[in-house]
Structures are given as structure tokens and as C-alpha cells.
1. Quick check on segment 118-153: of everything there that is of a type in the set (S, T, N, Q) and touching a Phe, Trp or Tyr at 6+ places or on another chain (Cβ under 9 Å), which residue is surrounded by the most Cβ atoms within 10 Å (Cβ to Cβ)?
2. Filter segment 164-220 for residues that are out of contact with any strand residue (DSSP E or B) (no Cβ under 9 Å at 6 or more places or on another chain) and among the β-branched types (Val, Ile, Thr); which is nearest to HIS130 (Cα to Cα)?
3. Are there any pairs, at least 6 apart or on different chains, whose C-beta atoms fall under 6 Å, with the first in segment 204-220 and farther than 16 Å from SER155 by Cβ and outside any helix (DSSP H, G or I) and the second modelled with pLDDT of 90 or more and not small (Gly, Ala, Ser), and if so, which?
4. Is it the case, given these coordinates, that ILE118 is touching a residue at least 24 places away in the same chain (Cβ under 8 Å), of a type outside the set (Lys, Arg), closer than 23 Å to ARG88 by Cα and part of a strand (DSSP E or B)?
5. What residue, among those in segment 1-56 that are assigned to a strand (DSSP E or B) and of a type outside the set (A, V, I, L, M, F, W, C), is farthest from ASP140 (Cα to Cα)?
6. Can you tell me which residue is nearest to the chain's Cα centre (by Cα) among those in segment 154-196 that are surrounded by 13 or more Cβ atoms within 10 Å (Cβ to Cβ) and assigned to a helix (DSSP H, G or I)?
7. Is it true that GLN12 is of a type in the set (S, T, N, Q) and in contact (Cβ under 8 Å) with a residue 12 or more places away in the chain?
8. For the list (1) of a type outside the set (Asp, Glu); (2) farther than 18 Å from LEU184 by Cα; (3) at pLDDT 95 or above, I need the number of the one condition that ASN146 fails.
Amino acid sequence: MNNRAPRQFVRQGLRVPYIAPWTGEIREQPALERRHAHKGGGIAYVDEHPLHDRSAGILWVRMGAVRGAGKPLLASVNAPRQRQAMDRQLCQVCGGTTYGATDRRHLFLLSERQGKPIVEGEQTTAPPLHESCAAEALRDCPHLRNGAVAARVESPEPWGIAGMLHDPMTLAPRPSAQRGGLTLLPYTSHRLVWAVAHLDVVALRGCAPVGLDELLALTV
């Protein structure tokens, strides 16, 4: 296994997270059409590419994968890299593996929790982090200043996707009340055929709380 982290980018003195998109990666989203019933029904892109636009039968948002192209968009997420980080357990900040030499657990840091702990089986779209990268994120990320919590997790299990649902009749988007308008859908949901996936979702199993002071001490 290659443990080396990808190239790191710095803007205005801050490291650009691995999963952050760049302006050069943004793609115009194609029009949607109804998918033939013999292909599973639901929605499809009018110019859909069978090898690139779906994963396990699920339609995904189009986005490039050319880190460093243009300017970073720190408030958003690059869909291909987020999926890669979830699948391979890569740090969302540096992109290196979060598998330890002795401790096989992974550190997860969730934002805007106002003190609520991470509970067993909780779903998240946030990939894991190294402890030092988590400390950096706590120091620099505005979203984490509104109340973050951390836990070491034994098993982040695939659960589903966060996607934009579309009306079965009009195909118009149906945003949720969550930030970004995305809806969390398990892989068992019949509504997946009407969604464009943006993010992978995992369920956290074997959670042990971690104090933020312990992580912040690493920035001293």
C-alpha cells in the first residue's frame, strides 16, 4: 500500500484540503431525461456515459479531477475525491491513508454538533483525518468553530449516498432542508433512481469519543 500523501497545495497560508474542489474542476451539469424501464427507470443524463456517470447503477454529479486547476473552493467538496477518500480511508485534508501501523481505527471529525456526541451507527459524508490534520482543521475551518465532535471509529461501513432528488413527474430538483439541499439515501432506498449522487455516506461503527483539546494540543 502506498502511504505517501498526494501533493499539497497552500493558498493564503492555509493548506487546501484534499477533498476541496477547484474552479477548473467544475463542470456544467447535463440535462436529465427519464431512463428506460428496462434499464431500471428513474433519471438519466441525456448524454450519459455508461462507464463514467454511474457507480453501482447510481447516477453521479459530473465533476473534474484536476487538483490545483484554478482557485480552490473551500466551502465545497469534490465528489470523485470524496468517494475515493471514503472507499480507501484517506485523510480529507492531506489525502494520505488513515490506516495506522498498530491502531486500525480511523479518526472522524463532525461539524456543527453543539456538543452532541457521535453515536453508534451514525451516518456521515465526512471522510476520516489524521490527528495532526484534524488539529489543523479545527484551527482553520470556520464550519468546525460552530461545535465539532470527534471519535475514533473501528469500522466506517458503506451506507448510501447524499444526493439531489428530482421530481418523478417534472424532473425538477427537490432540495432538502439540509445544507446543500442534499438528501441522505441508503442503498436500499427506492428513491435512488430519482437522485443525482454528490457524496458517499458511511455508517460509523465502534465509536470511541476523542476530546478536542487532545487534538488542538497538536497545533502548539
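1. THR124
2. THR219
3. Going by the 6 Å Cβ cut-off, the qualifying pairs are VAL210/ARG152.
4. no
5. Checking each candidate, the answer is ARG34.
6. The selected residue is GLY180.
7. The answer is no for GLN12.
8. Checking ASN146 against (1) of a type outside the set (Asp, Glu); (2) farther than 18 Å from LEU184 by Cα; (3) at pLDDT 95 or above, the one that fails is (3).
The values are calculated or read from the model by the stated rules, or taken from the named source; none is laboratory data. Just so you know, these numbers come straight off a predicted model, no measurement behind them. Counting neighbours? That spans all protein chains shown, and the Cβs are built from the backbone with ideal geometry, glycine included.
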